[in-house]
Structures are given as C-alpha cells and as structure tokens.
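> Would you mind keeping the following structure in view while I ask a few things?
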Amino acid sequence: MRRVSKITAACAVTAALALTATACGESSDESTSSDKGQMKIGMAYDVGGRGDNSFNDSAARGLDKAKAEFKAQTKELTAKNGETPADREQRLQSLAEGGYNPVIAIGFAYKDAVDKIAPKYPKVNFGLVDSVSDAKNVASIVFTEEQGSYLAGVAAALKSKDGQVGFIGGVDLPLIKKFAAGFQQGVLDTNPKAKVQIQYLSTGSDLSGFGSPDKGEAAAKGMLDKGADVIFAAAGGSGAGSIEAVAGQKGAWSIGVDSDQALDPALSKYKDTILTSVVKNVDAGVYDLIKSVKDGKPLTGVQTYSLAKGGVSLTTTGDHLSDIQAKLDEAKKKIVDGTITVKTTT
C-alpha cells in the first residue's frame, strides 16, 4: 500500500545511511570531545541500530541519559544484515581498544563475540543485553519478556471481538519465542476458546525479520484476512509494517514492543489503533550499567529486569486499557506473587 511504501522507503534510507556510516566498524555517532578523564561509553547496536523505533532505540535512550548526566564521550556502532561473527568481534574489540568503558553489546547475537572479546580486556566492563555471558567482566542484562507479553495477551483477549488474535515474531529464536509463549498463555488463560495465529518472519541466522517492514505488513494482512482483530508484533523494525496494516483495518488493534510505539514520531499517526506496547526497559539496564562503572562499582553477572522490578510493562498511551485495567492489575499481581507462572516456550 502507499502508506507502507513510505515507511519501507524511509527505513531503507535510514538503513542505507546507517550501513554507510558503520561499514568496517566505523561509528554511526561519535562525540568529538577528548578531555582527559572524561568517561567514554561504547555502544554496539543490533541490526537496525538507532532509529529502529523499537529495541535499539530503547537502548539509545539509556545511553543518551548517561551521556548527558555524566558528560561522557560516546561511540555508536551498528550491526549489518548478513555479517559474520568476526564482524561483531571486531566491533567490540575496536571499542575496547579505543578506550571505551563500558562497552555495551545490544542483542543476543553478540553473545559469542562478548564471550571471546571480554576476557581479552579484563579492565574493560562489558554489557550484554538479552543473553548471558560467563565472563567475569560482563553484566548480562536480561528481561522477563514473557511476563509483559502475558499481560498483552490478557489485553488482546479482552479487546478482541471474536477471540481471533495474532503474534508476529521477527525471527524464530528462543528469545522471541518467550514473547510468543507469554502472549499465547495470557490470551488462552483469559479466553480458552480464543485462537492465536503465530508467524515468524525469518529463521536461524537470518535476522532480516527484524528490519523488514514489508514482511511485517504482509504477515499482518494475512492474519487480518483470517479474522484476527488484535496483532502483537515482536519484530523490531518490521513491526512498523504490522502496525500500519492493522491501522487500515476498521476495528482492529495492534500491540507494539520494546518502546511506546504510539509515541514514536514515525508511528504516532497510528496511535488510535495501537492498543498498548510491551515495553522492555532496555534503557534502564543500559543506564544502570553505565552508572555503576561511573561510580566505580561495575555490575557483573546476570541482572534480571522482571515485571516486579518494572523491567517490563504495558504502556497506557491513548487510555485504551482503562476499561480492562482492573483485570490487567489482577493478572500482574498473580504473576508477581507467583500464582501464575508464565511459560517461556509455546
């Protein structure tokens, strides 16, 4: 559709600029100050980088907050579709050798690179988001995505007119399956007669499912054609296509992910049909790590951001949840007190 083509084109231009700036490990953003003693923060984004309206942007908010508060120098590098493990290793190594500390890797795809590079730089503090490393100088920042997704499932079941809902995952991977599992459980616990369509946009090492709005749009249209009236997309930048497709279907709702997508400038025109977003507060994890390094007490080991700790939550922009908020609060309480155990696989 014409509107989707505009988003896709915009994303393509953004991606092209990002790839130009980040090829061969060059930075997409680097402050120019070089004051002695100034904190230097290195950020290695996943595919899509800053400007993906989702996961990477959440991490960027944490970096921006720390940069302003600590007057830090920063360097940001971005992964590319189809790159090799060596490319990710080189990216982290270049930041460590450049004197950046901490060096934060955004996304599970950096796990092997962090495992290999971090031990070589024991005086550098590393952060790894969405996976766990055993290296002693690494803080593994993880989230209970399934818990936030369960609440989204409750909301979807309560808002759906006929119990037909859908889930679009960017890539068929364990992390994204946590979103799918929590969402499906929340839907079926609320309405056992409901039906949940689940579709992934790519599989295995093909991470294109996180950066292809056209694929998200096509998947959402297919689900809408089969009767779904609430669609949750945990698909990074591809979710923009899903949100736009849903906006074109009268009476349908979309559910965003990672950031409050109803507030995103590129998607705000669809805010009336964005029911809520499952926010994963990557910015909090990134900021906490940076502050710990600044304070001389760097975090290490697994740092879990759960529903109880505010690590995941549902947004309320547009006040679309007010009529079901009491039931959402009840479900949240049961998860927090252990009455409900949320699954991590479907």
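The values are calculated or read from the model by the stated rules, or taken from the named source; none is laboratory data. Please read all numbers here as calculations on a predicted model, not as lab measurements. Positions of Cβ are backbone-derived with ideal geometry, glycine not excepted, and every protein chain shown enters the neighbour counts. For accessibility, only protein heavy atoms count, side chains too; no ligands or nucleic acids. Shrake-Rupley method; radii C 1.70, N 1.55, O 1.52, S 1.80 Å.
> Test each condition in (1) surrounded by fewer than 24 Cβ atoms within 10 Å (Cβ to Cβ); (2) in contact with a helix residue (DSSP H, G or I) (Cβ under 7 Å, 6 or more places away or on another chain); (3) under 19 Å from N81 (Cβ atoms) for V124 and report the one that comes out false.
(3)
> Would you confirm, using the coordinates I've provided, whether L173 is modelled with pLDDT under 95, more than 14 Å from L314 (Cβ to Cβ) and of a type outside the set (D, E, K, R)? I'd like the intermediate steps shown before the answer.
Details: modelled with pLDDT under 95: yes; more than 14 Å from L314 (Cβ to Cβ): yes; of a type outside the set (D, E, K, R): yes.
In short, yes.
> Here is a list of conditions, (1) buried (at least 24 other Cβ atoms within 10 Å of the Cβ); (2) out of contact with any Ser or Thr (no Cβ under 9 Å at 6 or more places or on another chain), and G237 meets all of them except one; can you say which number that is?
Answer for G237: the failing condition is (2).
> Just to check your reading of the model, which residue among K120, K67, K71 is touching a strand residue (DSSP E or B) at 6+ places or on another chain (Cβ under 7 Å) and at pLDDT 90 or above? Steps first, please.
Values: K120 fails: touching a strand residue (DSSP E or B) at 6+ places or on another chain (Cβ under 7 Å); K71 fails: touching a strand residue (DSSP E or B) at 6+ places or on another chain (Cβ under 7 Å).
Exactly one residue qualifies, and that residue is K67.
> Here's a follow-up. Please determine whether any residue of the stretch 93-108 is at pLDDT below 95 and within 21 Å of G49 (Cβ to Cβ).
We begin by selecting, within the stretch 93-108, every residue at pLDDT below 95; these are 107-108.
Remaining after also requiring within 21 Å of G49 (Cβ to Cβ): 107-108.
Yes.
> Please tell me if I243 is in a helix (DSSP H, G or I), in contact with a Lys or Arg (Cβ under 8 Å, 6 or more places away or on another chain) and of a type outside the set (S, T, N, Q). Before the answer, list the steps.
Details: in a helix (DSSP H, G or I): yes; in contact with a Lys or Arg (Cβ under 8 Å, 6 or more places away or on another chain): no; of a type outside the set (S, T, N, Q): yes.
Here the answer is no, as I243 does not meet what is asked.
> Could you list, in sequence order, the residues of the stretch 85-108 that are part of a helix (DSSP H, G or I) and within 19 Å of N281 (Cα to Cα)?
To start, the set of residues in the stretch 85-108 that are part of a helix (DSSP H, G or I) comprises 85-97, 108.
F108 - this is the single residue of the stretch 85-108 that is part of a helix (DSSP H, G or I) and within 19 Å of N281 (Cα to Cα).
> Looking only at the stretch 246-256, filter to residues that are open to solvent by less than 10 Å² (accessible area, probe 1.4 Å) and not in a loop (DSSP other than H, G, I, E, B); which one of those is farthest from E145 (Cα to Cα)? I'd like the intermediate steps shown before the answer.
Residues of the stretch 246-256 open to solvent by less than 10 Å² (accessible area, probe 1.4 Å): 246, 252, 254-256.
Narrowing further to those that are not in a loop (DSSP other than H, G, I, E, B): 246, 254-256.
Details: V246: 23, S254: 18, I255: 14, G256: 13 Å.
My answer is V246.
> Only one of these is more than 15 Å from G227 (Cα to Cα) and open to solvent by less than 20 Å² (accessible area, probe 1.4 Å): Y150, Y200. Name it. Steps first, answer last, please.
Numbers: Y200 fails: open to solvent by less than 20 Å² (accessible area, probe 1.4 Å).
None of the other options fit; the residue is Y150.
> Looking only at the stretch 111-159, filter to residues that are hydroxyl-bearing (S, T, Y) and assigned to a helix (DSSP H, G or I); which one of those is farthest from the chain's Cα centre (by Cα)? Talk me through it step by step, then tell me what you get.
Within the stretch 111-159, the first condition is being hydroxyl-bearing (S, T, Y), and the residues that meet it are 121, 131, 133, 140, 144, 149-150.
With the extra rule that they be assigned to a helix (DSSP H, G or I), the set shrinks to 149-150.
Details: S149: 13, Y150: 16 Å.
Among those that are hydroxyl-bearing (S, T, Y) and assigned to a helix (DSSP H, G or I), it is Y150.
> Let me ask you something else. Check K136 against each of (1) buried (at least 24 other Cβ atoms within 10 Å of the Cβ); (2) touching a Ser or Thr at 6+ places or on another chain (Cβ under 7 Å); (3) modelled with pLDDT of 95 or more and name the one condition it does not meet.
(1)
> Right, another one. When residues of the stretch 47-56 are filtered for being open to solvent by 10 Å² or more (accessible area, probe 1.4 Å) and in a loop (DSSP other than H, G, I, E, B), how many remain?
In the first step, residues of the stretch 47-56 are kept if they are open to solvent by 10 Å² or more (accessible area, probe 1.4 Å); the result is 47-48, 50-53, 55.
Filter once more, keeping what is in a loop (DSSP other than H, G, I, E, B): 47-48, 50-53.
Summing the residues that are open to solvent by 10 Å² or more (accessible area, probe 1.4 Å) and in a loop (DSSP other than H, G, I, E, B) in the stretch 47-56 gives 6.
> If G82 meets every condition in (1) more than 26 Å from S238 (Cβ to Cβ); (2) at pLDDT below 85 apart from one, which number is that one?
Of (1) more than 26 Å from S238 (Cβ to Cβ); (2) at pLDDT below 85, only one is false for G82: (1).
> Considering only residues that are in contact (Cβ under 8 Å) with a residue 40 or more places away in the chain and among the small types (G, A, S), which ones fall in the stretch 83-114?
S94, A96, G98, G99, A105, G107, A109
> In the stretch 78-92, which residues are over 17 Å from the mean Cα position of the chain (by Cα) and either acidic (D, E) or open to solvent by less than 40 Å² (accessible area, probe 1.4 Å) (or both)?
Scanning the stretch 78-92 gives E83, D87, R88, E89, R91, L92.
> If I go through the stretch 160-176 residue by residue, how many of them are closer than 24 Å to I141 by Cα and not in a strand (DSSP E or B)?
Residues that pass the stated criteria total 4.
> Quick one: is A60 out of contact with any strand residue (DSSP E or B) (no Cβ under 6 Å at 6 or more places or on another chain) and open to solvent by 10 Å² or more (accessible area, probe 1.4 Å)? Give the derivation first.
Working: out of contact with any strand residue (DSSP E or B) (no Cβ under 6 Å at 6 or more places or on another chain): yes; open to solvent by 10 Å² or more (accessible area, probe 1.4 Å): no.
So A60 does not fit the description; no.
> Follow-up. Which of the strands (runs of 3 or more DSSP E) contained wholly in the stretch 257-346 include at least 2 residues that are open to solvent by 50 Å² or more (accessible area, probe 1.4 Å)? Explain how you work it out, then say what you get.
Details: elements: 274-280, 301-305, 312-314.
Output list reads 301-305.
> Given the condition among the acidic types (D, E) and closer than 22 Å to L321 by Cβ, answer yes or no: does some residue in the stretch 242-252 qualify? Outline the logic, then answer.
Here is the first cut: in the stretch 242-252, the residues among the acidic types (D, E) are 244.
Remaining after also requiring closer than 22 Å to L321 by Cβ: 244.
So far as the stretch 242-252 goes, yes, one or more of its residues are among the acidic types (D, E) and closer than 22 Å to L321 by Cβ.
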